[in-house]
Amino acid sequence: EISWEGLHQRPQHLVHALAKRWTVLWVEPAVMAKRVSFVPRLVEPNIYTVALPVIPYNARSPLVRSVAKMMSRIPLVRMLVTAWQRSILRKALETPGLDGKGERAFILHNFHVIDLVDDFHPGVVLYDYIDNVFGFTKMPRHVEDIWKRTIARADVVTVTSPTLARQVEAHRRGG
């Protein structure tokens, strides 16, 4: 849920380190206030960005947030957004420079894309849980289910605080 441009935080620093050895595709949300590209673009050596449409749960506008939450309760809406994301990501990974035959790793900061992961057969899935998403705004019940699936699917989960570690541990241990 973080754009490449703007304030560089932990995720961008991690990508810079990875890009010293591998090619990285940074997937960012397509937001209304920003010009986006649904095709990869090289932004730094070994770093490409591409935008995916998202359900704007955390939009700045309260009206947009309300409509997003209401519409996302409809499974068909979520399925259509995921299908659109899958198509964009599949095409992005066919781009020269990103179409490598090596093993892929997915590092997720946005747990909403977990349903895309297995389509691309990653060797490892890391979920970097950097903010308590449930602490900012009330989310629909299905969002918590997606988060729990992400916790269960990830091979590795990293956190940024003891509070987040306790949240994750409760679900990683099945309790």
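Worth a mention:
- Modelled label reach - residue 124, point 7 Å along Cα→Cβ, segment 8-23 residues with backbone N closer than 20 Å: 10-23
- Among beta bridges that DSSP assigns inside the chain, antiparallel share in %, nearest 5: 15
- Rounded Å value of the spacing that divides the Cα centres of segment 113-173 and segment 1-70: 18
- q = 0.14 Å⁻¹: log10 I(q)/I(0) that the Debye formula gives for segment 1-102, counting C-alpha atoms only: -0.62
- The chain - percent relative contact order, Cα under 8 Å, separation 6 or more: 15
- The C-alpha radius of gyration of segment 42-148, expressed as a fraction of 2.2 N^0.38 Å, stands at 1.17.
- Calculated FRET efficiency for the pair residue 76/residue 44, C-beta based, R₀ 35 Å, to 0.05: 0.40
- Once the chain from residue 90 to residue 13 is taken as fully extended at 0.36 nm per residue, the excess over their C-alpha distance is 25.2 nm.
- Computed over the chain, the per-residue total of -39500 (n - 2.57) for DSSP H runs of n ≥ 4 gives a 222 nm mean residue ellipticity of -11500 deg cm²/dmol, rounded to 500.
FYI, it's all coordinate maths here, none of it is from the lab. Every value quoted in this text rests on a predicted model; they were computed, and no experiment measured them. Neighbour counts are summed over all protein chains in view; Cβ atoms, including those assigned to glycine, are modelled from backbone coordinates with ideal geometry.
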